[in-house]
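Undergrad: Just passing along the structure, written as structure tokens.
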Amino acid sequence: MTLKEAEKIIAKLQKENEELRAELAKYDGKKPAGRRVHDEKWTANYDLWLSLFKQGNTIVEIMDKTGFSKRTCYRYKEYYNKLKAAEK
């Protein structure tokens with residue numbers, strides 16, 4: 001390989017790096033997709049669910065009082081059961 005060929009390859013790779021960096025710059029500052037696990041809102045909602053659940057309310061009653069979806073209530077119940085099992 002000659003010096004000229006190497007310089008051409010380097011120039012090509014530098015151009016490719018610039019293009020890729022420009023593409024990555026589009027994603028700077030964007031939040032990742034998906035559910036945020038155990039953030040402040042989640043914790044506050046879980047605490048509300050837990051207090052109602054410990055008072056003896058059923059899932060349906062909790063749904064009516066809070067507006068939580070059925071799936072959310074059962075997700076909290078599953079989390080609660082895992083914590084209880086870990087305590088034993």
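Undergrad: For residues that are loosely packed, with under 10 Cβ neighbours inside 10 Å and under 30 Å from S69 (Cβ atoms), scanning just the range 4-37, find the one that is farthest from the chain's Cα centre (by Cα).
TA: In this case the residue turns out to be K30.
Undergrad: May I ask you to list the residues in the range 52-85 that are more than 25 Å from the chain's Cα centre (by Cα), assigned to a helix (DSSP H, G or I) and loosely packed, with under 15 Cβ neighbours inside 10 Å?
TA: Passing the criteria: K54, V60, E61, D64, K65.
Undergrad: Hey, another quick one. If I ask for residues that are of a type in the set (K, R) and assigned to a helix (DSSP H, G or I), which ones from the range 28-51 would you list?
TA: K41
Every number in this text was worked out from the coordinates using simple rules, so none of it is lab data. Keep in mind that this is a model prediction, so the values were computed, not measured. Please note: Cβ atoms are built from the backbone with ideal geometry, for glycine as well, and neighbour counts cover all protein chains shown.
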